[in-house]
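Some notes on the structure that comes next.
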Amino acid sequence: MFTGIVRGMGDVISRRERDRLITFEIDAHNFAGGFFHRSKIGASVSISGVCLSVAERKGTVLTFDVMEESLIKTTLDSLYPGDKINIEPSFKAGDDVGGHILSGHVIDSAEIIEIEIRGDVTVMTFKHDPAWTAYIFEKGFIALDGCSLTIVDADDLTSTFKVHLIPETMRRTTFGLKKKGDSVNLEIDSRIQAIVETARRMKVAEDSALDDHYQGLN
């Protein structure tokens, strides 16, 4: 589990492709020692929002294996040496939850279609798959590349939404490097997902009961 509060970036220093698997080496030299205490072999780390397990560690360099399913659903397949990623160690009891709880289970990617500067605030507009419309609405939480953000506007007809990014977020995360046309990893709020899915199942059950009732009257 993660908090969605990304405090820094790591550097991709190598990429090794094998059958249905890519191994990345990430240099996290910008992080303090406490991060590495939590990043032992087998530990969960959020890499641009994707929960991965540390396969190997040498000094400040962490190695991760990314399976085919994650490569299909996320933007990790587009990473190459020289790229930067958002990085966050897993949450532990007693940590301050400044964002919202994330699982690191990315469902899809979203494309940046507009970037607007309004004073000190950067407004980014994203295009998402219509399949996720029910989970994306104004004032709701969303995670983009592992960052917990609040949706400030959502348009169901165009399958788009906007977020506001403060200077600190732009400085500490990869959002400061993003441009129009780039894609980010998307994770919807698990609480919203549970509510929506429960409501859908209840609606299906109610409709089925009504159908049975009317058929019995015929």
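The values are calculated or read from the model by the stated rules, or taken from the named source; none is laboratory data. Everything numeric here is computed off the predicted structure, so don't read it as measured data. Neighbour counts run over all protein chains shown; Cβ positions are idealised from the backbone, glycine included.
For segment 123-163, which positions are more than 17 Å from the chain's Cα centre (by Cα), within 25 Å of residue 88 (Cα to Cα) and crowded, with 19+ Cβ neighbours inside 10 Å?
If the condition is that a residue be more than 17 Å from the chain's Cα centre (by Cα), within 25 Å of residue 88 (Cα to Cα) and crowded, with 19+ Cβ neighbours inside 10 Å, then no residue fits.
If only one of 186, 177 is closer than 29 Å to residue 121 by Cβ, surrounded by fewer than 16 Cβ atoms within 10 Å (Cβ to Cβ) and either at pLDDT 95 or above or touching a Leu at 6+ places or on another chain (Cβ under 7 Å) (or both), which one is it?
Residue meeting the stated conditions: 177.
Looking at segment 1-32, which of its residues are polar (S, T, N, Q) and not assigned by TED's automatic domain parsing to the domain that holds residue 76?
Correct list: 3 only.
Identify the residue in segment 43-62 that is hydrophobic (A, V, I, L, M, F, W, C) and surrounded by fewer than 18 Cβ atoms within 10 Å (Cβ to Cβ) and, among all such residues, is nearest to residue 11 (Cα to Cα).
Top of the filtered list is 61.
Output the number of residues of segment 146-156 satisfying the condition of being in contact with a strand residue (DSSP E or B) (Cβ under 9 Å, 6 or more places away or on another chain) and not in a strand (DSSP E or B).
Result for segment 146-156: 1.
For residue 75, indicate whether it is among the hydroxyl-bearing types (Ser, Thr, Tyr), modelled with pLDDT of 90 or more and more than 18 Å from residue 22 (Cα to Cα).
no
For segment 89-122, what are the residues that are small (Gly, Ala, Ser), surrounded by 16 or more Cβ atoms within 10 Å (Cβ to Cβ) and either modelled with pLDDT of 95 or more or more than 18 Å from the chain's Cα centre (by Cα) (or both)?
109, 110
Within segment 19-42, restricting attention to residues that are of a type in the set (D, E, K, R) and closer than 13 Å to residue 64 by Cα, which residue is surrounded by the most Cβ atoms within 10 Å (Cβ to Cβ)?
25
Kindly list the number of the only condition in (1) surrounded by 16 or more Cβ atoms within 10 Å (Cβ to Cβ); (2) more than 16 Å from residue 169 (Cβ to Cβ); (3) among the polar types (S, T, N, Q) that fails for residue 86.
Just one mismatch for residue 86, condition (2).
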